[in-house]
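Trainee: Provided herewith is a single structure, encoded as structure tokens, for subsequent inquiry.
The values are calculated or read from the model by the stated rules, or taken from the named source; none is laboratory data. Model, not experiment: these values are computed from the prediction. Counting neighbours? That spans all protein chains shown, and the Cβs are built from the backbone with ideal geometry, glycine included.
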Amino acid sequence: MSCCCLIIKLVTCCRLIRRNIDKIATVKDGFNQVAKRQKHYHSISQAVTDRAFEGFVESLVQILTTNDPKTVLTELKLKLDSLLPINQLQESQKELNTTSISIDLDQQLVNKMLVEYLYRQGLFEVGELLIKEAEVEVDDQLSEAIDRSLEIHRVTEPLKHKDIDPAMRWISENRENLKEDGSKLEMELVSLKYWDMLRQGKCSEALRFARAHFPKFASLHSVKIRKLIVALLWVKDLDNYPHAEELFPFGWDKASRELTKQYYHLHDQPSSSLLAVALSAGVESLPRIMKLFRVMGLEKEEWGEMKQLPVDLGLGDEFQFHSVFVCPVSREQSDEEKPPMMMPCRHVLCKEMILRLCKCCSTRRFKCPYCPAHTTAAACRRLYL
């Protein structure tokens, strides 16, 4: 009787082990998929993941076959501690903490950035839920951002199904503002649709499509059109057509992204979401800020009291969204307190310098530092760059 019970327990134990190993294997597959997406993925990360996975399986078997899970978990912790570079992580954390500043973030502003990001990604239901749950105030600016996301989504979503009609209509409606970029993008979409027909072996349909759409692009894209027409002779072997790669620098996904970029450019908005821009700028700035912190030897209190950094971080052009004016006399960069002011002679100084020249009297006449003209502060006009 005791042997039967033992056999039953072993069978049950084996089933539990198999079931849990399958679950762990699923988790491992998830880790592997994430790891493959990382640009800076290293082989050592895979080795650590494999050894950790083996440790989990071994510990699971021990827990199911012994009555001392506490000891097994303690051994597992020691094993993981030996695998993972905990000390290195702790040192990095200490270094990051030195540049951490206690800032009262505007939670409403952060939530608005999250909502804008979700709508840009097409996650409308999630964005709507966040607005409701977090009680986000939908002001005019956020409302316009949501409307833009909905509009461009209606244009780009059909491209996933290789339907170019909504995109072509939008380009046609905005042709004057898009100019050459619009013609290039429109030709790209027409070419992709034509090529898709050829791949499906619909030669007659592709030829009719070409006759209907190619003529209006002949003046700007005659070379490309000729190569597309010649592709009819390669319809049974399109993969080896010598001009295939040069004809389609975009592809459907890239064409959709380019259309989105043109759409936001037309509305004077960055092509990336506010959240993505903020995170990208932060990632690029952090190493320089940490170095600045070490070189200047500032205390956290002094660091937190700074209204602006003492040096320019020199971020890339992709983070430059407006013109910058530097007063030619004071050599200071303009801001809200020192905006650029244009005098009647068309020379520009910052407001602070103009107030110095007129000695804070708006009716007192003063001479322009760069020409013989005289004027007053009241006659100067603010420039919006």
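Trainee: Evaluate the following for Trp170: is it in a helix (DSSP H, G or I) and closer than 28 Å to Val235 by Cβ?
Mentor: Values: in a helix (DSSP H, G or I): yes; closer than 28 Å to Val235 by Cβ: no.
So Trp170 does not fit the description; no.
Each row is one residue, and each column tells you yes or no for (1) within 25 Å of the chain's Cα centre (by Cα); (2) without any contact (Cβ under 8 Å) to a residue 12 or more places away in the chain; (3) over 22 Å from Ser273 (Cβ atoms).
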residue	(1), (2), (3)
Glu137	yes, no, no
Lys160	yes, no, no
Glu176	no, yes, yes
Val190	no, no, yes
Ala206	no, no, yes
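Here is a yes/no grid of residues against (1) among the β-branched types (Val, Ile, Thr); (2) surrounded by 11 or more Cβ atoms within 10 Å (Cβ to Cβ); (3) on the phi > 0 side of the Ramachandran plot; (4) modelled with pLDDT of 80 or more:
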{"site": "Val326", "(1), (2), (3), (4)": "yes, yes, no, yes"}
{"site": "Pro344", "(1), (2), (3), (4)": "no, yes, no, yes"}
{"site": "Cys350", "(1), (2), (3), (4)": "no, yes, no, yes"}
{"site": "Phe366", "(1), (2), (3), (4)": "no, yes, no, yes"}
{"site": "Ala379", "(1), (2), (3), (4)": "no, yes, no, yes"}
{"site": "Tyr384", "(1), (2), (3), (4)": "no, no, no, no"}
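Trainee: Go through (1) more than 27 Å from Asp268 (Cα to Cα); (2) under 45 Å from the mean Cα position of the chain (by Cα); (3) assigned to a loop (DSSP other than H, G, I, E, B) for Thr363 and report which single condition fails.
Mentor: Here Thr363 clears every test but (2).
Trainee: Please specify each residue of segment 328-360 satisfying the condition of being in contact with an Asp or Glu (Cβ under 8 Å, 6 or more places away or on another chain) and in a loop (DSSP other than H, G, I, E, B).
Mentor: Listed by number, the residues that qualify are Ser330, Glu332, Glu337, Lys338.
Trainee: Oh, and also: Quick check, is Leu142 farther than 30 Å from Asn240 by Cα and within 24 Å of the chain's Cα centre (by Cα)?
Mentor: Details: farther than 30 Å from Asn240 by Cα: yes; within 24 Å of the chain's Cα centre (by Cα): yes.
It is true that Leu142 is farther than 30 Å from Asn240 by Cα and within 24 Å of the chain's Cα centre (by Cα).
Trainee: Of all residues being more than 13 Å from the chain's Cα centre (by Cα) and surrounded by fewer than 20 Cβ atoms within 10 Å (Cβ to Cβ) in segment 109-126, which is nearest to Thr156 (Cα to Cα)? Just the residue, please. Break it down into steps so the answer makes sense when it comes.
Mentor: Our first condition is that a residue be more than 13 Å from the chain's Cα centre (by Cα); within segment 109-126, this holds for 109-112, 115, 119, 122-126.
Restricting the remaining residues to those that are surrounded by fewer than 20 Cβ atoms within 10 Å (Cβ to Cβ) gives 109-111, 122-126.
Working: Leu109: 28, Val110: 27, Asn111: 26, Gly122: 10, Leu123: 14, Phe124: 15, Glu125: 18, Val126: 20 Å.
Going through the qualifying residues, I end up with Gly122.
Trainee: Something else about it: What are the pairs with Cβ atoms under 8 angstrom where one residue, in segment 276-297, is touching a residue at least 24 places away in the same chain (Cβ under 8 Å) and farther than 25 Å from Val115 by Cβ and the other, located anywhere, is surrounded by 12 or more Cβ atoms within 10 Å (Cβ to Cβ) and among the aromatic types (Phe, Trp, Tyr)? Sequence gap at least six, or different chains.
Mentor: Cβ pairs passing all conditions: Phe293/Trp303.
Trainee: Among (1) within 22 Å of Thr260 (Cβ to Cβ); (2) crowded, with 17+ Cβ neighbours inside 10 Å, where does Ala210 come up short?
Mentor: (1)
Trainee: What number of residues within segment 117-154 satisfy the criterion of being at pLDDT 90 or above, touching a helix residue (DSSP H, G or I) at 6+ places or on another chain (Cβ under 7 Å) and either closer than 30 Å to Arg199 by Cα or in a loop (DSSP other than H, G, I, E, B) (or both)?
Mentor: Result for segment 117-154: 2.
Trainee: Can you say whether Ser280 is at pLDDT 80 or above and of a type in the set (Ser, Thr, Tyr), as far as the supplied structure shows?
Mentor: Details: at pLDDT 80 or above: yes; of a type in the set (Ser, Thr, Tyr): yes.
The answer is yes for Ser280.
Trainee: To continue, here is another question. Does any residue in segment 329-341 that is assigned by TED's automatic domain parsing to the domain that holds Ala379 come within less than 6 Å, Cβ to Cβ, of a residue that is among the aromatic types (Phe, Trp, Tyr) and surrounded by 15 or more Cβ atoms within 10 Å (Cβ to Cβ) six or more places away or on a different chain, and which pairs are these?
Mentor: Hits for this filter: Ser334/Phe325; Pro340/Phe325.
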